[in-house]
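The values are calculated or read from the model by the stated rules, or taken from the named source; none is laboratory data. In this text, all values refer to a predicted model and were calculated from it rather than measured experimentally. Methodologically, a virtual Cβ is constructed for each residue, glycine included, from the backbone with ideal geometry; neighbour enumeration extends over all protein chains shown. The accessibility values were calculated without ligands, DNA or RNA, using every heavy atom of the protein model including side chains. Shrake-Rupley method; radii C 1.70, N 1.55, O 1.52, S 1.80 Å.
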Amino acid sequence: MITMKNVTKRFDGTGAAAVDDLSLDIPDGITVALVGPSGCGKTTTMRMINRLIEPTSGTILVSGRDVRAADAVELRRHIGYVIQQVGLFPHMTIAQNIASVPRLLGWDAGRIRARSSELMQLVGLEQSMLERYPRQLSGGQRQRVGVARALAADPPVLLMDEPFGAIDPIARTRLQNEFRQILKRVKKTVVMVTHDIDEAVRLGDRIAIMRDGRIVQYDTPETILSRPADGFVENFVGADRALKRLTLFSTGSIMTPGTGDASLPRVDKDGDLRDALSAIVAARSTAAAVVDEEGKMIGTITQAAILAV
Ligand SMILES: Nc1ncnc2c1ncn2[C@@H]1O[C@H](COP(=O)(O)OP(=O)(O)OP(=O)(O)O)[C@@H](O)[C@H]1O
Ligand SMILES: [Mg+2]
């Protein structure tokens, strides 16, 4: 869906390239998380995909077409963009913000109204908020509007720059989960920038770790966490990478089905293996009983099974 070939960006009057001979292939329908330290070139990489920044050299294809050949309006219809720090237009209402691309595309008022109302529902916001201004919303609500605005014209490609950056960890995890649910309903190719490796692991089908304008490793979260390419990646993903890797597996997928033992600590089948291990350690046990949504015991998970994953 998106191909970058030997792309370099050198800003005028600067020494080192912001993006340095970068190549990246993003298949249709997956979410790629670009992660790396501040200033490593994540935003620049993303903004070259929708031509907000022109590459110094190299080629970028979206759906097989060179972005340099595309018309700007056509490109925006095709690529939704969630800007770092949300970037809603402060003097426009939420409704006007969401309508910005559809209006550019010449949709009539009725169609825009229907679409806005559908999107507010999708991102879990009250319809009455459409008439408010961005400053009358909380940070998390504004981020939801940012996502709704990017989805407005139903683009196949979504670029998101730190989409959940400005919110507290609890609301952030909830929004990440909601976003994952949204992506199940509306199939998109997503490029997401984040500083947060946990967010990348939670949302990315693949992770690209960047350093100094280059990609150091581009792999699935499982591979990044189990086989970091070098010391930089190892350091970046953190000393607890073995525990982070356990978050990739659900308890239900590893348990042994059965009636369970009522004396064991209980864990949710939809929870992840890190939480299951934590519950086992907290109870000084060697196993836990797995329960379903109704709290019924449906199996057992052992410490040994978790360690064997
Ligand atoms: N318009 C510009 N002119 C000159 N240098 C720039 C410009 N925009 C970005 N840079 C430089 O390019 C490098 C990469 O910037 P970029 O914004 O892509 O980083 P980033 O990885 O998104 O960082 P952050 O995580 O802090 O958002 C930085 O060194 C930055 O100072
Ligand atoms: Mg950035």
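Okay, residues lined up against (1) open to solvent by less than 20 Å² (accessible area, probe 1.4 Å); (2) in contact with a Cys (Cβ under 6 Å, 6 or more places away or on another chain); (3) assigned to a helix (DSSP H, G or I):
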residue	(1), (2), (3)
Q181	no, no, yes
K184	no, no, yes
V191	yes, no, no
V201	yes, no, yes
I209	yes, no, no
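Here is a yes/no grid of residues against (1) at pLDDT below 90; (2) of a type in the set (G, A, S); (3) not assigned by TED's automatic domain parsing to the domain that holds D28:
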site	(1), (2), (3)
P90	no, no, no
P102	no, no, no
G124	yes, yes, no
R135	no, no, no
D154	yes, no, no
E178	yes, no, no
K184	yes, no, no
T189	no, no, no
Every residue from the range 124-148 that is basic (K, R) and within 23 Å of P169 (Cα to Cα) | R135, R142, R144
Within the range 66-78, how many residues are surrounded by 13 or more Cβ atoms within 10 Å (Cβ to Cβ) and either farther than 12 Å from R51 by Cβ or small (G, A, S) (or both)?
-> 2
Return the total of residues in the range 1-43 being open to solvent by less than 20 Å² (accessible area, probe 1.4 Å) and of a type in the set (K, R).
-> 1
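Surrounded by fewer than 22 Cβ atoms within 10 Å (Cβ to Cβ), under 17 Å from the mean Cα position of the chain (by Cα) and not in a loop (DSSP other than H, G, I, E, B), is that true of R47?
For R47, the condition - surrounded by fewer than 22 Cβ atoms within 10 Å (Cβ to Cβ), under 17 Å from the mean Cα position of the chain (by Cα) and not in a loop (DSSP other than H, G, I, E, B) - is met.
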Residue satisfying all of: in the range 11-34; near ligand 1 (Cβ under 9 Å from one of its atoms) and not polar (S, T, N, Q); nearest to V191 (Cα to Cα) among these | L34
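Evaluate the range 93-110: report whether one residue or more is away from ligand 1 (no atom under 16 Å from the Cβ), open to solvent by less than 10 Å² (accessible area, probe 1.4 Å) and among the polar types (S, T, N, Q).
yes
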Determine whether D71 is farther than 17 Å from V191 by Cβ, charged (D, E, K, R) and in the same structural domain as V216 (by TED's automatic domain parsing).
-> yes
Say whether the condition of being open to solvent by 60 Å² or more (accessible area, probe 1.4 Å), among the polar types (S, T, N, Q) and more than 29 Å from the chain's Cα centre (by Cα) is met by at least one residue in the range 222-235.
-> no
